[in-house]
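What follows draws every value from the coordinates through simple rules; no lab data is involved. Quick caveat: nothing in here was measured; it's all calculated off a predicted structure. Cβ: placed from backbone, ideal geometry, glycine included. Neighbour counts: every protein chain shown.
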Amino acid sequence: MYKRGNEMDTINNEKKKVMLSGIKPTGDLTLGSYLGAIKNWAERAEQFDCYYFMADLHALTTRNDPATLRRRTLEQLAQYVACGLDPQKNTLFLQSDVHEHAELGWILNCYTMFGELSRMTQFKDKSAKNAENINGGLFTYPALMAADILLYQADYVPVGEDQKQHCELTRDIAIRFNNLYGETFKVPEPYVPKVGARIMDLLDPTSKMSKSDEIGNGRVCIMDAPEDIARKFKRAVTDSDTEHCVRYDPQNKPGVANLMSIYSAVTGESFDAIEREFDGKGYGVFKPAVGDAVIEMLRPIREEAGRIIADKAYLREIYTDGAHRAQRIASRTLRKVYKKVGLVEKPF
Ligand code: TRP
């Protein structure tokens, strides 16, 4: 009886697994990232203990206008909250508000090899594109990212293809440290998120709708005004055939297929149902209909984000509370690390 009771206790007290992700404050959220990913994040909080932070320290590895970086950091946080990330159910904070990130980042730099950092494809790409500013931070970026993750003993890191290598390196660093000093860090696993709709550029449907494409006519942002969204959909490319009918054929009609994917993700309708709905109606009817559906879906999100951005006190409350909660966990890990590597225990 006694033993059984104990087992039940451990089951009942079993903690949720920790999931963590950093988001660089580089620009407005797009329809692509909303439908493809963020839309599904709200429900994650039921299953996981989720941490999301604005990776403003990582943003410093490229040159930014200071006022723009500050504004974007806060706007991005507001947009995520408006998309459904509940600040009560998730820990939302700014990376720079939890100084443990920079501190553990430094220490992990000393356990990350020059050769490893030299092999990172993102470093190679970024330094090729930005030859005039190949700074040390750009090079050691993955050590800070490892610190972000390991501070929270994260079980899962949801990552896209471009961050897989950094996650792999984080695991190597954690394993190396644990081998030297005994169990200190949880070795995190990459988490492949449930795939949402894959949304392509409206003007170039063979490439993904990108967050950092500056021109923006092929890209819809969640903060775009309704008239801009309407215009972008009216100008969306369809196809050059003469059939002019709404039919799902991603090989031959990638533009139409993309618009159908968007319409389907917004309305929940199947491709068959969409084909029937627009049978005989042509693109002149279809394109504005997709635009309208997107406008109505985004309207409450844009309005909510606008309200949050305008309410500075509320926004501040969100990231203050988030930073406090995050720091409680982060400082525990950092103290453990200080002790293990031989730093004198903090006197405060
Ligand atoms: N490097 C990530 C990116 O460019 C952002 C990031 C920083 C991150 N720290 C992280 C992602 C920790 C996941 C976990 O998108």
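In table form, for the structure just shown:
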{"item": "Order by protection proxy (mean Cβ within 10 Å, highest first), peptides 36-45, 107-116", "result": "36-45, 107-116"}
{"item": "Of the trypsin sites (Lys or Arg not before Pro) in the range 77-126, those whose Cβ has at most 16 other Cβ within 10 Å and which sit in DSSP loop", "result": "89, 119"}
{"item": "Cα long-axis angle, helix 164-181 against the chain (0 to 90 degrees, to the nearest 10)", "result": "10 degrees"}
{"item": "Given 16/346; 39/287; 17/186; 24/164; 234/281; 15/89, the pairs whose alpha carbons are separated by over 19 Å", "result": "16/346; 39/287"}
{"item": "Angle in degrees between helix 283-310 and the longest Cα principal axis of the chain, rounded to the nearest 10", "result": "40 degrees"}
{"item": "Distance between the range 31-62 and the range 144-201 - C-alpha centres, whole angstrom", "result": "14 Å"}
{"item": "Separation of alpha-carbon centers, the range 289-340 and the range 68-98, rounded to whole Å", "result": "3 Å"}
{"item": "Folded to 0 to 90 degrees: helix 2-13 orientation relative to the chain principal axis, Cα", "result": "50 degrees"}
{"item": "Nearest-20 debye value, the chain charge dipole, Cβ charges on Lys, Arg, Asp, Glu", "result": "1080 debye"}
{"item": "Over the chain: helical MRE at 222 nm, DSSP H runs n ≥ 4 each giving -39500 (n - 2.57), nearest 500", "result": "-17500 deg cm²/dmol"}
{"item": "Two-site FRET efficiency, residue 130 against residue 64, from Cβ-Cβ distance with R₀ of 22 Å, rounded to 0.05", "result": "0.95"}
{"item": "Rounded if a/c under 1.5, otherwise prolate or oblate - the range 1-152, Cα gyration tensor axes", "result": "oblate"}
{"item": "Cα gyration tensor, the chain - rounded (a/c under 1.5), prolate or oblate", "result": "prolate"}
{"item": "Rounded FRET efficiency, nearest 0.05, which uses the C-beta distance separating residue 46 from residue 181 and R0 of 51 Å", "result": "0.90"}
{"item": "Unit charges on C-beta of K, R, D, E only; dipole of the range 219-297, Debye", "result": "280 debye"}
{"item": "Listed residues 239, 86, 224, most fluctuating in the chain (Gaussian network, C-alpha, under 10 Å)", "result": "239"}
